[in-house]
Amino acid sequence: MDQKRALVNNLQAIESIEKNLDGTDDWHVPPQLKENPYFVEVTTSLPDALRELDKRMRGGKDYHLISKKGKRPFGGRVIQTGDVGIWNSSVRHAFEGKYSITSPIDSLGLTTVLVGQSEAAVVMDPANRIFVIRNSGFAAYGSQGRFKVIDIVDTLNLGDGHAHYEKLANGKNGPVLGWKRDVSISVGTSKITVATFFLVPANNVLILQRSNSLLLLKAGQHVITNPNTSFRGFYSLGERQVTFKTQPAYTIEGVPVILNVNLRYRVTDPILLTANYNDAFAALANPAQTAVNSVVSRLSYQQFMRAQKIGGDVPDIHVQPWLDSFKANCLEDLSHQAVSYGITVESFDVLDRELEGNLGKDLEKQSEQVLRNQIQATQIALTNQIATETQRGKLEIAKVEAEQKKTIADADYYTAAKLSDAKAYQVVKNAQAAAEASQLETDQSVKNIIALADAKRREIEVIGSAYGKVPEGHAQRMQLSSFEVEKRKALPENTVYFAGDRSETNQNLVASGFEQATGWALAGKNVKQYGVNGV
């Protein structure tokens with residue numbers, strides 16, 4: 001928190017200083033140039049500025065700028081719209097050339113320039129003073145010297161060749177920190193830088209030096225024209241990360257150990273860092289090595305060789321305590337040293353390590369063998385565990401299947417018991433129904449027999465009563481005749497029966513039967529008549 005507060009205070013101080021810095025971010029025409037009568041700044045358009053310059057030159061009894069010659073139907077020079085034709089004012093009135101008003105013009109003491117919103121023109125006045133103008137332009141005439149347009153720069157695109165990259169630990173280029181482009185003039189065989197343009201990305205800063213003071217410029221477009229101001233560097237205020245290998249550090253036994261570490265840090269005070277180093281990693285390299293040496297010298301090499309890779313596949317209860325102790329101690333030592341350089345260290349992690357030298361190689365081979373043994377033991381343990389779990393799973397499956405079979409058997413038994421009970425119940429009901437039916441049938445048969453016996457009794461009584469009322473001699477003869485008929489029916493058809501004084505054949509029997517039937521009919525009629533009369 002104190003570092004952030006100090007950084008904010010530094011930024012506020014720099015902002016107040018920047019407003020009064022001579023030759024830094026000065027994009028306007030110097031006041032002394034505006035007093036020059038032959039310097040006209042473009043406010044509306046370049047043709048208007050040329051007319052104003054011509055007016056001032058005529059008023060100063062000097063050469064006129066715009067010719068009074070009119071247009072000709074043929075001959076002469078053709079000057080198209082947007083172009084400017086220049087003739088000298090000698091007797092010959094020679095033609096110097098044709099120029100576009102959008103391009104810089106430098107001819108016969110006349111200098112014009114017109115720049116867009118993202119462009120800036122570097123100009124030298126007759127007194128060899130450098131100034132930068134953007135989003136505007138001017139028209140000037142050098143009666144006692146010349147105005148010279150040195151260069152026109154696109155402030156939003158300084159070019160890939162002018163990019164400054166963050167240097168990584170492996171020597172390769174990292175992210176772009178900013179762009180810097182110098183504008184120079186030739187003086188004899190030498191080149192002199194007269195202006196320097198900077199383009200600083202967001203969350204980055206620019207550090208300049210003037211005499212013994214360091215100046216900080218924030219993200220944006222910047223230019224310096226003061227020759228006493230020099231460039232120190234670009235810095236990023238965001239979190240940075242770098243992975244590198246340390247120099248050999250020696251354990252208690254004197255075994256050299258090289259660590260591959262990952263360092264995360266943030267620059268909190270670029271001015272404090274620039275006062276000591278030109279690069280953040282350069283400021284951290286020595287403190288990081290010092291912290292590693294301090295911690296490793298208190299440990300034995302066995303603690304480094306519990307596992308070859310930190311966080312590998314081999315579980316080891318000794319790796320985590322060693323790693324925690326190492327990270328805590330190194331981070332504490334490194335943070336304490338880095339804060340004095342305006343850097344905050346956020347993490348210091350160990351990725352892997354290796355032993356250096358012949359002794360280290362031998363020990364590393366032994367550790368690799370130990371590692372292989374650990375892996376093999378771990379694999380065997382895992383195999384046994386898998387087999388145990390598999391067998392346990394099979395037992396659980398067998399239990400489940402046994403429970404399923406038991407459940408099915410119980411269900412079948414319950415179903416069979418219910419079915420047997422149903423059948424027994426049905427048999428009992430059928431027997432009860434049959435008994436009831438037999439009882440009803442027996443009762444009905446008894447009733448029928450009693451009714452028939454009673455009817456037979458009545459019939460016998462009626463017949464007996466009828467027989468009793470038939471005359472005595474006639475009844476006996478009919479009875480005897482009935483007996484004879486019955487007896488003869490029992491004999492074969494061709495039987496000759498002798499009874500008394502005559503023999504009869506079946507034909508005679510028929511005749512005799514007819515007579516007898518006639519007698520029965522008469523007897524019946526008498527009986528009936530008697531019965532009626534008796535009633």
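Can you tell me which of 279-289, 237-247 comes out highest on packing, and rank the rest after it, using the mean Cβ neighbours within 10 Å?
279-289, 237-247
Could you look at segment 218-280 and say what percent of its accessible area is carbon and sulfur, using a 1.4 Å probe and all protein chains?
45
Would you mind checking the pairs Lys191/Lys218; Lys148/Lys191; Lys148/Lys180; Lys34/Lys180; Lys55/Lys98 and listing those with alpha carbons more than 19 angstrom apart?
Correct reply: Lys191/Lys218; Lys148/Lys180; Lys34/Lys180; Lys55/Lys98.
Rolling a 1.4 Å sphere over the protein heavy atoms, what is the accessible area per residue of segment 107-164, to the nearest Å²?
Per-residue accessible area for segment 107-164 comes out at 43 Å².
Just reorder Tyr38, Tyr341 by solvent-accessible area, largest first, 1.4 Å probe, all chains present.
Per-residue accessible area, sorted high to low, gives Tyr341, Tyr38.
Let's see if you can work this out: charge +1 on each Lys and Arg Cβ, -1 on each Asp and Glu Cβ, no other charges. What is the dipole magnitude of segment 100-204 about its Cα centre, in debye to the nearest 20?
Dipole of segment 100-204, to the nearest 20 debye: 220 debye.
Report relative contact order for segment 64-154 in percent, whole number only (criteria: Cα-Cα under 8 Å, sequence separation at least 6).
Averaging sequence separation for qualifying contacts and normalising by length gives 22 percent for segment 64-154.
If you roll a 1.4 Å probe over segment 331-459 with all protein chains in place, what percent of the accessible area is carbon or sulfur?
For segment 331-459, the apolar C and S fraction of the accessible surface comes to 58 percent.
Mind ranking 142-148, 90-96, 210-216, 324-330 by how tightly packed they are, going by the mean number of other C-beta atoms within 10 angstrom, highest first?
Sorting 142-148, 90-96, 210-216, 324-330 by mean packing, highest first, produces 324-330, 142-148, 210-216, 90-96.
What does the charge dipole of segment 191-284 about its Cα centre add up to, to the nearest 20 debye, if the Cβ of each Lys and Arg holds +1 and the Cβ of each Asp and Glu holds -1?
Taking the Cα centre of segment 191-284 as origin, the dipole is about 300 debye.
Cβ neighbours within 10 Å, averaged per peptide: list 218-225, 382-389 in order, most packed at the top.
Answer by packing, highest mean first, reads 218-225, 382-389.
The values are calculated or read from the model by the stated rules, or taken from the named source; none is laboratory data. In this text the structure is predicted, and so the values were computed from the model without any measurement. We place every Cβ from the backbone using ideal geometry, glycine too, and count neighbours over all the protein chains shown. Only protein heavy atoms, including side chains, enter the accessible area calculation; ligands, DNA and RNA are left aside. Shrake-Rupley method; radii C 1.70, N 1.55, O 1.52, S 1.80 Å.
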